[in-house]
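See structure below.
The values are calculated or read from the model by the stated rules, or taken from the named source; none is laboratory data. Keep in mind that this is a model prediction, so the values were computed, not measured. Here Cβ is always computed from backbone atoms with ideal geometry, including for glycine, and neighbour counts include all displayed protein chains. SASA here: full protein model, heavy atoms, side chains in, ligands and nucleic acids out. Shrake-Rupley method; radii C 1.70, N 1.55, O 1.52, S 1.80 Å.
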Amino acid sequence: MGKGKAPRRAILLLHGDERFLVDEKARATLDEWRKELVSDFGEDTLEGQGLTPSRLQDAILQAPFLDPYRVVYARMAAAARAEALAPALAEVPATTRLVLTVAGRVSAVGKLAKAVNAAGGTVEEMQPLKGRALSEWAARRATDHGLTPAVAAQVVWVTPPDLSIVDSELQKLAAYRASGAKLTPEAVAELLA
């Protein structure tokens with residue numbers, strides 16, 4: 001076996017100012033991990049509000065019952081209190097997969113990020129999309145909803161640069177079109193007003 005980098009463990013810290021992307025990445029990761037679970041006992045969701053290091057550590061250290069591994073999802077810990085969770089990651093068994101999301105940013109050199117990295121995990125920051133990145137994201141999202149990139153451009157033009165609002169408007173337009181109505185530029189402008 002070569003001396004390459006060790007594979008990353010199934011420990012994921014998602015944080016940043018773009019909460020929509022944090023939620024979306026967490027949801028996609030959890031959906032993928034849930035595919036191999038055979039029981040309802042394999043997943044533990046912990047709300048970030050009031051989450052303590054000892055409660056998180058208890059969930060992490062619990063052995064799987066009927067499943068090949070446990071999935072622990074610590075959802076939206078407050079950024080101001082997130083660093084205090086670092087000691088809970090001192091020991092993460094190979095049978096635990098962890099997604100920890102933080103409502104806001106954490107320091108890349110802070111205790112929590114260091115603990116995730118030391119445990120072999122991954123830290124991802126989700127920053128707000130602006131300009132071209134926002135337009136490209138909206139165009140991909142519009143296509144996912146069966147709409148054209150031109151519709152996405154119109155939505156981006158008239159809405160605040162908040163991905164949840166952009167996505168909501170795209171969903172609304174897709175539902176309008178699915179009802180059988182013709183989605184003209186005028187109809188789009190009226191629906192977005």
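In region 47-66, the residues that are farther than 15 Å from residue 89 by Cβ reach residues that are open to solvent by less than 70 Å² (accessible area, probe 1.4 Å) and part of a helix (DSSP H, G or I) with C-beta atoms within less than 7 angstrom, at least six apart or across chains, in these pairs: 64/42. Check 138, 108, 142 and return the single one that is small (Gly, Ala, Ser), more than 18 Å from residue 48 (Cβ to Cβ), at pLDDT 95 or above and under 19 Å from the mean Cα position of the chain (by Cα). Every option except 138 fails the conditions.
Taken over region 34-69, the residue count meeting the criterion of being open to solvent by less than 30 Å² (accessible area, probe 1.4 Å) and either out of contact with any strand residue (DSSP E or B) (no Cβ under 9 Å at 6 or more places or on another chain) or in a helix (DSSP H, G or I) (or both) is 5. Pairing each residue of region 152-174 that is within 19 Å of residue 24 (Cα to Cα) with any residue that is among the acidic types (Asp, Glu) and open to solvent by less than 50 Å² (accessible area, probe 1.4 Å), provided the two are 6+ apart or on different chains, yields C-beta distances under 7 Å for 163/18. Tallying residues that are modelled with pLDDT of 95 or more, surrounded by fewer than 17 Cβ atoms within 10 Å (Cβ to Cβ) and within 25 Å of residue 24 (Cα to Cα) within region 85-94 yields 0. Note on region 97-193: enclosed helices (runs of 4 or more DSSP H) holding 2 or more residues that are open to solvent by less than 70 Å² (accessible area, probe 1.4 Å) and in contact with a strand residue (DSSP E or B) (Cβ under 8 Å, 6 or more places away or on another chain) are 111-118. Among the criteria (1) within 16 Å of residue 10 (Cα to Cα); (2) modelled with pLDDT under 95, the one residue 40 does not fulfil is (1). Close contacts from region 73-87, counting a first residue that is over 21 Å from residue 118 (Cβ atoms) and a second that is modelled with pLDDT under 95 and open to solvent by less than 30 Å² (accessible area, probe 1.4 Å), with Cβ to Cβ under 6 Å and a gap of 6+ residues or different chains, come to 75/48; 76/48.
Checking each residue in region 70-84 for being open to solvent by less than 70 Å² (accessible area, probe 1.4 Å) and either in a helix (DSSP H, G or I) or of a type in the set (D, E, K, R) (or both) picks out 70, 79, 82, 83, 84.
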